Amino acid sequence: MIRVAHVLPHMAVGGRERIVADLCRSAPRHGVMPVIVTFDAATGAVVEPEAPVVSLDRRSATFARSLHETIAAERIDVVHAHGHVTAALLPSLAVPVVTTLHVALGSGWRWLPAITAGLRRSAAITAVSDDLARRFRWAGRPISVIAPGIDLARFAGVQRVGDGGFTLGIAARLHPVKRHGDLIAALRLLDRRGQRYRLLIAGDGPTGDAIREAGAGLDVTLLGAVDDVAGFLGRLDGFVLPSDHEGTPVALIEAMAAGLPIVASAVGGIPALVGDAGLLVPRRSPRALAEAIERLATSRDLRHRLGSAARQRVAGHGLDRQADAYRAVYRNVVPHRD
């Protein structure tokens, strides 16, 4: 059994946090014993993992000592750092570190020296998309790609419960990077043309009030954090993700597995994931979003064709494949464990 400490800022609901929770849930049957170590306070709803959680404070003068003590007390074989900033914050450790890249560097260039040092200390580096692996080539280290996995059976059984109208949905943290405002602006353009569609928004975060204000007068409903994602997807006729940047979004994989047609921005790992199973648009373009939404809303045949193609494209994104891939990485850096 390989004992792994997943280290990340918090377990607030998000793609990275759901990947960690899924790895913990599937870990025992793959020979891995997980522990989660967080170092920042979470705001809003949190993912409840099936693993012990140790909460530390990275701003504390005792953070490094507490982390060392946790690793020793839990008899950890490998630390799995989730995110380039996490890798930057880790002190030198007595056990190997595997770093997974979840998002692009963005505006974090001030962190570059620390991020570079953290990546160079890592025994192995993975990324959730080919795009991220290319973006981090400057680190001068091999980067293997392990795309996220989901419970495919859970989403394959999603049944539509629509009321005859056309309903769009997005499941994402309410954060500027997700560009909810662009989606609402697109719906307002369509509304002015006499085309009124419903939008359901799942998730919470700091931009909730701004999104609610932007959607005033439209058929927009903020649902907050949603536990039953499959049930949420069953209420939709199409799924939209207009983000500024992404790795390989878990929410998009789930929507595709549920057979939903996709409209998404052509950023990060989205084009490779979606391919011809969705309508890709330039980021920050409400007009392009509106045109794509109109195409979906007015063509049942297009929705059916894209939805079927979407389900086929994500058929290999299962939890066991993801867990096996990470276990192979762990074994490579701690070969004495089995």
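The values are calculated or read from the model by the stated rules, or taken from the named source; none is laboratory data. Remember, it's a predicted structure, so these values are computed and weren't measured experimentally. Please note: Cβ atoms are built from the backbone with ideal geometry, for glycine as well, and neighbour counts cover all protein chains shown.
Identify, please: which residue in segment 35-65 is in contact with a His (Cβ under 6 Å, 6 or more places away or on another chain) and at pLDDT 90 or above and is, among those, surrounded by the most Cβ atoms within 10 Å (Cβ to Cβ)?
The qualifying residue surrounded by the most Cβ atoms within 10 Å (Cβ to Cβ) is I36.
Please list, ordered by first then second residue, the pairs with beta carbon atoms under 8 Å, 6 or more apart or interchain, first in segment 311-336 and over 18 Å from H6 (Cβ atoms), second surrounded by fewer than 15 Cβ atoms within 10 Å (Cβ to Cβ).
R311/A156; R313/G275
For the subset of segment 59-87 comprising residues that are of a type in the set (A, V, I, L, M, F, W, C) and not in a helix (DSSP H, G or I), which member is nearest to the chain's Cα centre (by Cα)?
A81
When you check I150 against the structure, is it buried (at least 20 other Cβ atoms within 10 Å of the Cβ), closer than 27 Å to L23 by Cβ and free of Cβ contacts under 8 Å to residues at least 60 places away in the same chain, yes or no?
No, not satisfied.
Considering A264, A315, which residue is at pLDDT 95 or above, outside any helix (DSSP H, G or I), exposed (fewer than 15 other Cβ atoms within 10 Å of the Cβ) and within 19 Å of the chain's Cα centre (by Cα)?
A315
So if I check each of A21, A88, which one is under 20 Å from G205 (Cα atoms), free of Cβ contacts under 8 Å to residues at least 40 places away in the same chain, surrounded by 16 or more Cβ atoms within 10 Å (Cβ to Cβ) and out of contact with any Lys or Arg (no Cβ under 6 Å at 6 or more places or on another chain)?
A21
Hey, can you tell me all the residues within segment 1-29 that are more than 15 Å from the chain's Cα centre (by Cα) and at pLDDT 95 or above?
Within segment 1-29, I2, R3, V4, A5, H6, V7, C24 qualify.
What number goes with the only condition from (1) touching a Lys or Arg at 6+ places or on another chain (Cβ under 9 Å); (2) modelled with pLDDT of 95 or more; (3) exposed (fewer than 15 other Cβ atoms within 10 Å of the Cβ) that G162 does not pass?
(2)
Given the conditions (1) surrounded by fewer than 19 Cβ atoms within 10 Å (Cβ to Cβ); (2) in contact (Cβ under 8 Å) with a residue 12 or more places away in the chain; (3) in the same structural domain as T43 (by TED's automatic domain parsing); (4) not polar (S, T, N, Q), and given that W138 satisfies all but one, which numbered condition is not satisfied?
Evaluating W138 over (1) surrounded by fewer than 19 Cβ atoms within 10 Å (Cβ to Cβ); (2) in contact (Cβ under 8 Å) with a residue 12 or more places away in the chain; (3) in the same structural domain as T43 (by TED's automatic domain parsing); (4) not polar (S, T, N, Q) leaves (2) as the failure.
Conditions first: (1) in the same structural domain as A272 (by TED's automatic domain parsing); (2) farther than 17 Å from G15 by Cβ; (3) out of contact with any Lys or Arg (no Cβ under 8 Å at 6 or more places or on another chain). R173 passes all but one, so which condition is the exception?
So R173 meets the others, but not (2).
Mind listing whichever residues of segment 231-261 are part of a helix (DSSP H, G or I) and of a type in the set (D, E)?
Of everything in segment 231-261, just one residue is part of a helix (DSSP H, G or I) and of a type in the set (D, E), namely E254.
Say we look at segment 167-216 and pick out the residues that are free of Cβ contacts under 8 Å to residues at least 12 places away in the same chain and either small (G, A, S) or not in a helix (DSSP H, G or I) (or both); which of these is nearest to L241 (Cα to Cα)?
Top of the filtered list is A216.
Report whether or not E50 is in contact (Cβ under 8 Å) with a residue 12 or more places away in the chain, assigned to a loop (DSSP other than H, G, I, E, B) and not hydrophobic (A, V, I, L, M, F, W, C).
Here the answer is yes, as E50 does meet what is asked.
Tell me the residue from L23, L105 that is closer than 25 Å to V229 by Cβ and out of contact with any Cys (no Cβ under 8 Å at 6 or more places or on another chain), please.
Of L23, L105, the one residue that is closer than 25 Å to V229 by Cβ and out of contact with any Cys (no Cβ under 8 Å at 6 or more places or on another chain) is L23.
Do you know which residues across segment 96-135 are assigned to a loop (DSSP other than H, G, I, E, B) and touching a residue at least 40 places away in the same chain (Cβ under 8 Å)?
The answer is P96, H102, V103, A104, G106, S122, A123, V128, S129.
Could you look through segment 284-310, keep only residues that are under 23 Å from the mean Cα position of the chain (by Cα) and surrounded by fewer than 20 Cβ atoms within 10 Å (Cβ to Cβ), and pick out the one that is nearest to G157 (Cα to Cα)?
Taking the candidates together, the pick is S308.
Only one of (1) buried (at least 22 other Cβ atoms within 10 Å of the Cβ); (2) closer than 26 Å to D40 by Cβ; (3) out of contact with any His (no Cβ under 9 Å at 6 or more places or on another chain); (4) not aliphatic (A, V, I, L, M) is not met by G169, so which one is it?
Every listed condition holds for G169 apart from (2).
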